[in-house]
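Below is one structure, written out as structure tokens, with a few remarks after it.
The values are calculated or read from the model by the stated rules, or taken from the named source; none is laboratory data. The model shown is predicted, which means the values in this text are computed figures rather than measured ones. Glycine also receives a Cβ, built like all others from the backbone with ideal geometry; neighbour counts cover every protein chain displayed. Surface areas here come from the heavy atoms of the whole protein model, side chains and all, with no ligands, DNA or RNA. Shrake-Rupley method; radii C 1.70, N 1.55, O 1.52, S 1.80 Å.
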Amino acid sequence: PEVTGIDVAGVVPEPVGPGDRPLLPLQTVQAPEPEVDWIELDELIALPPGTTAVTAVGAAPALVCNVDGDLYAYRDRCAACAASLSGAALNGQLVVCPSCDRSFDVRKAGRAPDNGLHLDPLPLLVDRGHVRIAVST
């Protein structure tokens, strides 16, 4: 009857919240890394500067632009009207949607100069004459 409690050295008391209720333990969950395939499209090395092409990258079409010898890839979907960008023209570094005439800056991750819309960029690597574009699987 004389023992009113036991203190153990090194034991951390359980954290309590409002109203002396015990807090729920936190558990961190890591999102799985998306799987990526690099599709080799060496024919794009011959795309002339100032031109665009829509090509199949895996199961999805992609727009590839050549601005002054640098290649850029985007999903083939206009951010403004959702139409295909097949036949899109380059005006300097701006690609112009053939359906709605909206422009997107190819060198600035496909951002439209006049609003917050932007194309969806795809990773593209050029290495020793080989062109590879990454797509999620």
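Just a few scattered comments:
- Test: residue in the stretch 16-32 that is hydroxyl-bearing (Ser, Thr, Tyr) and under 19 Å from residue 125 (Cα atoms): no
- Test: residue 55 is of a type in the set (Ser, Thr, Tyr) and closer than 30 Å to residue 128 by Cα: yes
- Residues in the stretch 81-102 that are open to solvent by less than 50 Å² (accessible area, probe 1.4 Å), farther than 16 Å from residue 61 by Cα and touching a residue at least 24 places away in the same chain (Cβ under 8 Å): 90, 95.
- Residue match in the stretch 85-106 (condition: of a type in the set (Phe, Trp, Tyr), touching a strand residue (DSSP E or B) at 6+ places or on another chain (Cβ under 9 Å) and closer than 20 Å to residue 45 by Cβ): no
- Residue match in the stretch 103-124 (condition: aliphatic (A, V, I, L, M) and more than 21 Å from the chain's Cα centre (by Cα)): no
- Of residues in the stretch 103-119 being of a type in the set (Gly, Ala, Ser) and touching a residue at least 12 places away in the same chain (Cβ under 8 Å), the one surrounded by the most Cβ atoms within 10 Å (Cβ to Cβ): 110
- Of the strands (runs of 3 or more DSSP E) that lie entirely inside the stretch 1-77, those containing 2 or more residues that are surrounded by 10 or more Cβ atoms within 10 Å (Cβ to Cβ) and at pLDDT below 90 span 36-40.
- Residue among 62, 112, 82 that alone is farther than 20 Å from residue 46 by Cα and in contact with an Asp or Glu (Cβ under 9 Å, 6 or more places away or on another chain): 112
- Scanning the stretch 120-137 for residues being open to solvent by less than 60 Å² (accessible area, probe 1.4 Å) and not in a strand (DSSP E or B) gives a total of 1.
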